[in-house]
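The values are calculated or read from the model by the stated rules, or taken from the named source; none is laboratory data. This one's a predicted model, so the numbers in the text were calculated from it and none came from an experiment. Heads up, the Cβs are rebuilt from the backbone with ideal geometry, glycines too, and the neighbour counts pull from every protein chain shown. The area values use the complete protein model at the heavy-atom level, side chains included, leaving out ligands, DNA and RNA. Shrake-Rupley method; radii C 1.70, N 1.55, O 1.52, S 1.80 Å.
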Amino acid sequence: MSINYKVCPKCGSKRNLKIIYGEPTIDLFEESEKGNVRLGGCCVPIPTPEYYCCECEYEWNKEEIIDNESFKLEKRIY
Ligand SMILES: [Zn+2]
């Protein structure tokens, strides 16, 4: 089973950005200006979101997608 981590679990949008943490380099800063990445800042939250949705501003990570998928599977079984 392949899971697409890059689809917003909330609205299903594929328009999203990878969130990058830490002190941004000039290159990274330019990428974020162009809308290619999202800068998460120096403080890394726990749990750490990895993707940001451009449509609904929801942030999520792979674990959340896996949880969602296994939840769906459980519902199918019962
Ligand atoms: Zn979304």
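Considering every residue within segment 53-73, establish whether at least one is hydroxyl-bearing (Ser, Thr, Tyr) and open to solvent by less than 40 Å² (accessible area, probe 1.4 Å).
No, every residue in segment 53-73 fails to be hydroxyl-bearing (Ser, Thr, Tyr) and open to solvent by less than 40 Å² (accessible area, probe 1.4 Å).
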- Query: From the residues in segment 1-30 that are assigned to a helix (DSSP H, G or I) and either touching a Leu at 6+ places or on another chain (Cβ under 9 Å) or at positive phi (or both), which one is least open to solvent (accessible area, probe 1.4 Å)?
  - Reply: LEU28
- Could you please find all residues in segment 31-78 being part of a loop (DSSP other than H, G, I, E, B) and either hydroxyl-bearing (Ser, Thr, Tyr) or more than 16 Å from the ligand (Cβ to nearest atom) (or both)? ASN36, CYS42, CYS43, VAL44, PRO45, ILE46, PRO47, THR48, TYR58, TYR78
